[in-house]
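Q: Take a look at this one; I'll ask things after.
Only the coordinates and a few stated rules stand behind these numbers; no lab work does. Bear in mind that the values here come from a model prediction, so they are computed numbers and not experimental data. Note that each Cβ is placed from the backbone with ideal geometry, even for glycine, and that neighbours are counted across all protein chains shown.
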Amino acid sequence: MKSISVEQDGLKSVLDQVAEVAGYFWQNRWEERNGGNISVNVTEFVPVHIENLDQYIFRNHAIEYRELAGFSFFITGTGKRMRDMARQPEGNGCIIRISEKLDGYHVIWGAAGDPHIRPTSEFPSHLAIHHFLLSHKPGHKVILHTHPTHMVALTHIIEHHQTEKLNRILWSMHPEMKVFIPEGVAVVPYRLPGSEAIARATVEYLKHHRVVLWEKHGILATGDDILDTFDVIDMANKAAEIYLTCKNAGFEPAGLSAAQLDELDEMSRQWHSDAG
Ligand code: 2HA
Ligand code: ZN
């Protein structure tokens, strides 16, 4: 089932980074069984003309986003495990191209001989978000979804209407949070995993955030770089872990003061304007 060469087409570094991050997800014990999923818009690396394309089309999934016609994505396979992805991206994920007619997609690389490979169960969210990113954050080509234990635990205490409270806690637990996630994280109200409903809700919250928490489920972040997007999730989870560690030890954490957070705000503004 190979019709493009990842060595020749510049995709190797994408696949290496996907494998690296899949390993971190697993080592952090964020992914039980087949938890989590990854997709990357790799259109720029995929040749326009590919031989024998029609052979691989699946017609069981109509795509509603017109602008995605002809776009190519690396995406994790449904039912596949991150611990396996870390060793072998091929066989646990695939590169698909959305058909020009939007009547499905072609698998153009990967699957390692598994003709039944299908994209992750969260495919509706990945498609909706890539479609949103094209017009709103064109540099963001990466979507990571994972189940970081401490962040998910926090959503059992703090509900979506208390997002402000959640961000006050996270920012005050670790100076890095204010600098690297100055807009905070948004809590998306619980919706059925893999549903169109969670896809639609997520796109709404991504209009103002880069990192969203799926209530009682997991986290999702977008970015222009696979490892950097992982770092942002890791940082948020670290802040949640510090908070819950203090609570577990039986005391209320002091947290950074308002003056200390203001000072970090200033630093963050400078950092983002220098970086931008
Ligand atoms: O891919 O994490 O949300 C498995 C999941 C579903
Ligand atoms: Zn999930």
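Q: Let me check against my output: what whole-number percent is the relative contact order of the chain, with C-alpha pairs under 8 Å and at least 6 apart?
A: Details: 489 pairs, mean separation 53.1, N = 276.
Once divided by the residue count of the chain, the mean separation gives 19 percent.
Q: What is the angle, in °, between the Cα long axis of helix 226-248 and the longest principal axis of the Cα atoms in the chain? Nearest 10 is fine, range 0 to 90.
A: 40 degrees
Q: Also: Placing unit charges on C-beta atoms (Lys and Arg positive, Asp and Glu negative, everything else neutral), compute the dipole magnitude of the range 16-92 about its Cα centre in debye, rounded to 20. Mind dumping the intermediate values first?
A: Numbers: 8 positive and 11 negative charges, 79 e Å.
I would put it at about 380 debye.
Q: If you don't mind, there's one more thing I want to ask. I want to make sure I understand the PRE zone here: with the label point 7 angstrom from the Cα of SER121 toward its beta carbon, which residues in the range 62-84 have backbone N atoms less than 17 Å away?
A: Counting only backbone N, you get 76-83.
Q: How tilted is helix 12-27 with respect to the longest principal axis of the chain? Cα atoms for both, answer in degrees (0 to 90, nearest 10).
A: Value to nearest ten degrees: 50.
Q: Under a crude label model (7 Å from the Cα following the beta-carbon direction), how far is GLU266 from HIS156 in nanometres?
A: Between GLU266 and HIS156, the label points sit 4.1 nm apart.
Q: Given Cα pairs under 8 Å that are at least 6 residues apart, what percent is the relative contact order of the range 80-126? It would help to have the intermediate numbers written out before the result.
A: Working: 49 pairs, mean separation 14.4, N = 47.
For the range 80-126, the relative contact order is 31 percent.
Q: I'd like to compare 265-273, 228-236: which one has the highest average count of other Cβ atoms within 10 Å, and what's the full order after that?
A: Working: 265-273: 12.8, 228-236: 20.7.
So the order, starting with the most tightly packed, is 228-236, 265-273.
Q: Give the relative contact order (percent, whole number) for the range 175-266; include only Cα pairs under 8 Å separated by 6+ residues. Intermediate results must be reported in sequence, preceding the final value.
A: Values: 79 pairs, mean separation 27.3, N = 92.
Across the range 175-266, relative contact order equals 30 percent.
Q: Sticking with this one: To the nearest 10 degrees, how steep is helix 163-173 against the longest Cα principal axis of the chain, on a 0 to 90 scale?
A: Value to nearest ten degrees: 70.
Q: Looking at the range 1-101, which chymotrypsin sites (Phe, Trp or Tyr not before Pro) are DSSP coil and have at most 12 other C-beta atoms within 10 Å of their C-beta? Write down the numbers at each step before the final one.
A: Numbers: sites: TYR24, PHE25, TRP26, TRP30, PHE45, TYR56, PHE58, TYR65, PHE71, PHE73, PHE74; in loops: TRP30, TYR65, PHE71.
For chymotrypsin sites (Phe, Trp or Tyr not before Pro) across the range 1-101 that sit outside H, G, I, E and B with at most 12 neighbouring Cβ atoms in 10 Å, the list is empty.
Q: Applying a 10 Å radius around every beta-carbon, put 98-111, 180-193, 239-252, 209-222 in order of their mean neighbour count, most first. Could the numbers behind the result be given before it?
A: Working: 98-111: 19.6, 180-193: 18.1, 239-252: 14.9, 209-222: 22.6.
Ranking the peptides 98-111, 180-193, 239-252, 209-222 by packing returns 209-222, 98-111, 180-193, 239-252.
Q: With r defined as the distance between the Cβ atoms of GLU32 and ALA197 and R0 fixed at 22 Å, what FRET efficiency is calculated, to the nearest 0.05?
A: Details: r = 23 Å, r/R0 = 1.05.
Approximately 0.45, to the nearest 0.05.
Q: Still on this model: ASP16 to ASP228: extension gain in nm, 0.36 nm per residue of separation minus the Cα-Cα distance?
A: Values: separation 212, 0.36 × 212 = 76.32 nm, distance 1.41 nm.
My answer for the length gained is 74.9 nm.
Q: Determine the calculated [θ] at 222 nm for the chain from helices alone, applying -39500 (n - 2.57) to every DSSP H run no shorter than 4 residues and normalising by the residue count; nearest 500 deg cm²/dmol. Before the final figure, lay out the partial values.
A: On the way: 9 runs with 111 residues, N = 276.
Mean residue ellipticity, 222 nm, calculated: -12500 deg cm²/dmol.
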